[in-house]
1. Please find, among D172, D163, the residue that is of a type outside the set (A, V, I, L, M, F, W, C) and at pLDDT 95 or above.
2. State yes or no: is F177 crowded, with 19+ Cβ neighbours inside 10 Å, within 29 Å of the chain's Cα centre (by Cα), in the same structural domain as A130 (by TED's automatic domain parsing) and within 15 Å of Q129 (Cβ to Cβ)?
3. So which of S113, S95 is at pLDDT below 95, within 26 Å of I171 (Cα to Cα) and of a type outside the set (K, R)?
4. Could you check the stretch 149-198 and list, in sequence order, the residues that are touching a residue at least 24 places away in the same chain (Cβ under 8 Å) and of a type in the set (D, E)?
Amino acid sequence: MFHGRWNLFRSDQKEITGLETAIILIAFVVVASVFAYTILSAGIYSSEKGKEAIHSGLSTARASMQLSGPVLARDTDSNNTVDQMLFVIANLLKSAPMNLVPTVDSDSDGLLSDESPKLHSLVITYIDQAQMVTNIAWTATEVGKGDGDTLMETSERFEIIVDLSAISPAIDENDTFILEIKPGKGSSVTLERTIPGRVDDMMNLR
């Protein structure tokens with residue numbers, strides 16, 4: 001009689017042990033599944049972000065412009081200071097159209113930052129040792145073959161005339177300066193030039 005009861009007790013212990021083991025195994029599987037899903041989700045998210053960064057970089061590069069020809073400086077009133085800067089820009093090969101819609105400098109102060117509404121997306125900044133002037137006035141004129149609109153498309157070129165009347169002190173002989181031309185979308189073009197030892201009505205800056 002006692003031996004039979006002892007065998008029943010041992011059988012119950014084995015069943016309990018097996019049940020606990022099954023519960024633990026299930027718990028491990030659930031936890032592992034949760035961790036695997038988390039890691040997989042993080043990997044997919046990182047991959048998508050990487051793709052977005054690559055596409056954004058490609059879009060930025062495709063929207064870039066380039067200088068086409070020399071940079072000219074003009075003294076329009078023969079007062080021995082530079083009043084205008086002229087240069088031609090073009091889109092890089094197979095790049096997206098660039099918006100060159102201008103904003104009119106209605107008060108003729110050489111600045112577009114005080115105009116309303118602002119229609120332009122191209123921003124030109126002037127920098128020298130004494131000052132930095134952002135959003136100075138400019139105009140764009142299509143040159144050569146084109147379709148006559150204000151979008152600079154592949155194989156089109158536009159002449160940019162920069163009004164330097166807002167620069168004070170004015171650009172004089174031997175002055176070194178930087179023009180940053182930043183489109184609404186894409187990388188900017190930075191021009192660093194030095195005025196010759198004598199200011200002429202028209203100068204080719206190198």
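The values are calculated or read from the model by the stated rules, or taken from the named source; none is laboratory data. Remember, predicted model here, so these are calculated numbers, not experimental data. Here the Cβ positions follow ideal geometry from the backbone for every residue, glycine too, while neighbour counts run over all protein chains shown.
1. Numbers: D172 fails: at pLDDT 95 or above.
Answer to the selection: D163.
2. Judged against the criteria, F177 is a match.
3. Values: S95 fails: within 26 Å of I171 (Cα to Cα).
So the residue among S113, S95 that is at pLDDT below 95, within 26 Å of I171 (Cα to Cα) and of a type outside the set (K, R) is S113.
4. E153, E156, E159, D163, D172, E173, D175, E180
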